[in-house]
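A short write-up of the structure that comes next.
The values are calculated or read from the model by the stated rules, or taken from the named source; none is laboratory data. Computed from a predicted structure; not experimentally measured. When we count neighbours, we look across all protein chains shown, and the Cβ atoms used for this are built from the backbone with ideal geometry, even at glycine. When the accessible area is computed, the model is the full protein with side chains, heavy atoms only, and any ligands, DNA or RNA have been set aside. Shrake-Rupley method; radii C 1.70, N 1.55, O 1.52, S 1.80 Å.
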Amino acid sequence: MHFVAVLNRDGGTLRTTDLSKFSETLRETLSSHGHTVDIEIVTGKNIVEALTKAASQKKTDVLMAGGGDGTISAAAGLLKGRKKALAALPAGTMNLFARSLKIPLDLEQAVKAFATGEIRNVDIGTANDRPFVHQLSVGMHARMVHLRERMEFGSRFGKIGASARAAWTVLKNPTPMKVSLLVDKAEIEARATGIGISNNLFGEGHLPYADHPDGGTLGVYLTKARTNGELLSFVMNLARGKWRDNEQVTVHQAQKVVLRLLSSRRRQRCVLDGELIKLERETVVVIHPAALRVLVPMETPQ
């Protein structure tokens with residue numbers, strides 16, 4: 001296959017990676033298994049243009065995207081419903097979509113897995129027609145990301161530290177929102193402090209990512225936690241990957257969700273695959289089963 005690798009030098013762990021050395025390793029590994037590859041290293045402001053160009057080339061069989069959540073999400077959106085496959089290089093902070101696809105988190109090991117991997121179809125979501133591979137979140141998480149982006153950090157661990165400081169600030173003063181959720185045909189009204197809508201249900205006992213990226217359903221997570229005790233319980237269960245038996249979280253699943261803001265007059269934001277964006281008064285979230293082709297490690301026989 002012919003790969004086109006687009007690496008965001010400003011994204012995730014690639015900011016501190018020797019990209020010349022990594023590019024050489026990438027080329028050698030793929031060529032040793034009969035593949036060819038073009039490699040383009042770009043800045044964050046040019047990543048979408050470079051991904052768009054790579055996705056439009058007829059010779060591209062696999063678009064390898066390297067960077068943070070935003071880079072992977074942008075590449076996936078360009079490939080939705082197309083024959084070209086995405087190779088999601090795990091160069092972000094948490095790499096939740098890569099974990100869902102069982103891609104090794106070490107960059108060189110990931111490339112080796114791609115060289116001998118297989119293509120499969122997985123699901124992708126859209127929020128008001130904007131694609132996402134992980135989740136849309138509103139409320140506490142969006143406030144946390146907004147605060148974190150105002151802090152300075154220069155590494156993966158610096159970002160984790162900034163996230164912890166921002167989370168502590170938000171948890172001390174959670175702000176409930178009055179919302180309406182149309183979950184398929186069932187309508188729910190609530191004053192929620194946090195809402196998450198994921199591309200497939202999160203698995204149990206680990207970080208929030210889907211165990212089955214081809215499950216064909218949105219996960220809908222609603223929390224009303226406000227008091228110190230409720231928030232402590234919420235955070236402890238979140239850290240343990242406990243969702244279904246979490247008293248502070250109500251879980252639903254659907255193929256389509258309509259989220260409406262009912263009471264807030266302030267400008268609201270949401271986080272879509274790690275990117276902070278404006279939240280519209282009404283957001284229509286839909287899952288598109290098997291609409292994204294991805295390159296994943298070859299499954300070993302049981």
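Among the residues here, Ala74 qualifies as open to solvent by less than 50 Å² (accessible area, probe 1.4 Å) and under 25 Å from Gln135 (Cβ atoms). From the list Ala166, Ala162, Ala225, the lone residue that is in contact with a Leu (Cβ under 6 Å, 6 or more places away or on another chain), closer than 21 Å to Asp273 by Cβ and either among the hydroxyl-bearing types (Ser, Thr, Tyr) or at pLDDT below 90 (or both) is Ala166.
What are the residues in the range 16-26 that are in a helix (DSSP H, G or I), under 16 Å from Ala110 (Cα atoms) and of a type outside the set (A, V, I, L, M, F, W, C), if any? If the condition is that a residue be in a helix (DSSP H, G or I), under 16 Å from Ala110 (Cα atoms) and of a type outside the set (A, V, I, L, M, F, W, C), then Lys21, Ser23, Glu24, Thr25 are the ones that fit.
Whenever a residue of the range 66-89 is modelled with pLDDT under 95, its partners that are assigned to a strand (DSSP E or B) and open to solvent by 10 Å² or more (accessible area, probe 1.4 Å), lying with C-beta atoms within less than 6 angstrom and at least six residues away or across chains, give the pairs Gly67/Asn8; Gly70/Glu275; Thr71/Asn8.
Any chance the range 40-62 includes a residue that's of a type in the set (A, V, I, L, M), open to solvent by 10 Å² or more (accessible area, probe 1.4 Å), in a strand (DSSP E or B) and touching a residue at least 24 places away in the same chain (Cβ under 8 Å)? The answer is yes; a qualifying residue exists. Screening Phe114, Phe97 for residues that are more than 13 Å from Phe3 (Cβ to Cβ), touching a helix residue (DSSP H, G or I) at 6+ places or on another chain (Cβ under 8 Å) and open to solvent by less than 30 Å² (accessible area, probe 1.4 Å) leaves exactly one candidate, Phe97. If you go through the range 117-139 and pick out every residue that is surrounded by fewer than 22 Cβ atoms within 10 Å (Cβ to Cβ) and hydrophobic (A, V, I, L, M, F, W, C), you end up with 1. Report yes if some residue within the range 291-301 is modelled with pLDDT under 90 and either of a type in the set (Asp, Glu) or within 20 Å of Asp184 (Cβ to Cβ) (or both); otherwise report no. Within the range 291-301 (the criterion being modelled with pLDDT under 90 and either of a type in the set (Asp, Glu) or within 20 Å of Asp184 (Cβ to Cβ) (or both)), the answer is yes, since at least one residue qualifies. Annotation: of all residues in the range 27-39 being buried (at least 16 other Cβ atoms within 10 Å of the Cβ) and assigned to a strand (DSSP E or B), the one that is farthest from the chain's Cα centre (by Cα) is Val37. Only a single item in (1) assigned to a strand (DSSP E or B); (2) open to solvent by 20 Å² or more (accessible area, probe 1.4 Å) is not met by Leu7, and it is number (2). Every test in (1) touching a helix residue (DSSP H, G or I) at 6+ places or on another chain (Cβ under 7 Å); (2) open to solvent by 10 Å² or more (accessible area, probe 1.4 Å); (3) farther than 16 Å from Ala190 by Cα is passed by Asp273 save one, and that test is (2). Ser56 falls short on exactly one of the conditions (1) at pLDDT 95 or above; (2) under 20 Å from the mean Cα position of the chain (by Cα); (3) not aromatic (Phe, Trp, Tyr), and that condition is (2).
Looking only at the range 211-262, residues that are in a loop (DSSP other than H, G, I, E, B), touching a residue at least 12 places away in the same chain (Cβ under 8 Å), open to solvent by 40 Å² or more (accessible area, probe 1.4 Å) and of a type outside the set (D, E, K, R) come to 4 in all. The lone criterion from (1) crowded, with 17+ Cβ neighbours inside 10 Å; (2) farther than 22 Å from Lys178 by Cβ; (3) in contact with a Leu (Cβ under 9 Å, 6 or more places away or on another chain) left unmet by Val286 is number (1). Let me spell it out: the conditions are (1) within 18 Å of Gly11 (Cα to Cα); (2) under 16 Å from the mean Cα position of the chain (by Cα); (3) not in a strand (DSSP E or B), and Glu108 meets all of them except one. Which number is the exception? So Glu108 meets the others, but not (2). Name the single residue, out of those in the range 169-200 being assigned to a strand (DSSP E or B) and either open to solvent by 80 Å² or more (accessible area, probe 1.4 Å) or in contact with an Asp or Glu (Cβ under 9 Å, 6 or more places away or on another chain) (or both), that is modelled with the lowest pLDDT. Among residues in the range 169-200 that are assigned to a strand (DSSP E or B) and either open to solvent by 80 Å² or more (accessible area, probe 1.4 Å) or in contact with an Asp or Glu (Cβ under 9 Å, 6 or more places away or on another chain) (or both), the one modelled with the lowest pLDDT is Arg191.
Residue pairs whose Cβ atoms lie under 7 Å apart, separated by 6 or more positions or on different chains, with the first residue in the range 180-209 and touching a residue at least 24 places away in the same chain (Cβ under 8 Å) and the second aromatic (Phe, Trp, Tyr) and part of a loop (DSSP other than H, G, I, E, B), are Phe202/Tyr209; Phe202/Trp243; Gly203/Tyr209; Glu204/Trp243.
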